[in-house]
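The values are calculated or read from the model by the stated rules, or taken from the named source; none is laboratory data. As the structure is a prediction and not an experimental result, all values here were calculated from the model. Using ideal geometry, Cβ is built from the backbone for each residue, glycine included, and neighbour counts are taken over all protein chains shown.
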């Protein structure tokens, strides 16, 4: 059950990323991000009520707020990178945020295991191979989407650290995890609302969302909530490491969807690089 939940989380996250990046190609990123966060928030409220999460100790509030704001910036950068870059390259790079908690643990005096060392080396080689054509100007968008993907990776990694802190780490309950996610979405929705109210009248920024865009935006939010719920369920099992590895495969869904519906064709070296980056992510997530 845990393995299936983790795979479902990977599928939903990867699909949400693909839809978000595709939507950001025709809509302002702030509109896509705002809709996704609001729908996710509305989905988490009843979930929290059903499992009694509102009774959890409120240690999650402050780190949850910081995680929400950090995640908002990271996701915005990620959507923009997906919109202007090659999805098959951007998604695996952004997934390397799993390196951040490991790097912080190194600074804290912990020693990485063999799998982590191999994972980091493989991931670095993969990113270099996958990014080569983009950096040389032969890819879509040049170096900008790669830099944005790197920023997203740092942000996602910081979110992992903050979420672990907010939800109590390995000893955290399902309720604490859900309330952390809810706090994150609430913080980001509040900030995005203020930004939209400030930008619309003063700078003439158009939201650009039409009725025909709503189904996709709703789907992005629903998939995000579903992925978070599925992973929260998987993380409550005794096979946390297995769940982490399976959930880390979410870029595969993004890459395959981009190949199927955007006709993205990667060169041989890039394909090897993407594969190595994904293998590196799996090794790091399972350590």
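Can you tell which of 182, 278, 233 is within 18 Å of the chain's Cα centre (by Cα) and modelled with pLDDT of 85 or more?
After ruling out the rest, the residue left standing is 182.
Quick check on this structure: which one of 204, 168 is modelled with pLDDT under 80, at positive phi and touching a helix residue (DSSP H, G or I) at 6+ places or on another chain (Cβ under 6 Å)?
Among 204, 168, only 168 is modelled with pLDDT under 80, at positive phi and touching a helix residue (DSSP H, G or I) at 6+ places or on another chain (Cβ under 6 Å).
Would a scan of region 41-48 turn up a residue that is touching a helix residue (DSSP H, G or I) at 6+ places or on another chain (Cβ under 6 Å), at pLDDT 85 or above and over 21 Å from residue 233 (Cα atoms)?
no
Matching residues to (1) within 16 Å of the chain's Cα centre (by Cα); (2) farther than 21 Å from residue 190 by Cβ:
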{"position": "25", "(1), (2)": "no, yes"}
{"position": "36", "(1), (2)": "yes, no"}
{"position": "54", "(1), (2)": "no, no"}
{"position": "58", "(1), (2)": "no, no"}
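Take the residues in region 134-149 that are assigned to a helix (DSSP H, G or I) and surrounded by fewer than 19 Cβ atoms within 10 Å (Cβ to Cβ); name whichever of them is modelled with the highest pLDDT.
Of everything passing the filter in region 134-149, 147 is modelled with the highest pLDDT.
State whether the residues of region 4-13 include one that is farther than 22 Å from residue 181 by Cα and crowded, with 22+ Cβ neighbours inside 10 Å.
No, every residue in region 4-13 fails to be farther than 22 Å from residue 181 by Cα and crowded, with 22+ Cβ neighbours inside 10 Å.
Return the pair list, or none, for Cβ contacts closer than 6 Å from residues in region 183-197 that are farther than 18 Å from residue 47 by Cβ to residues that are modelled with pLDDT of 90 or more and in a helix (DSSP H, G or I), at least 6 apart or on different chains.
Qualifying pairs under 6 Å: 192/34.
From (1) within 21 Å of residue 277 (Cα to Cα); (2) modelled with pLDDT of 90 or more, pick out the condition that doesn't hold for residue 65.
(1)
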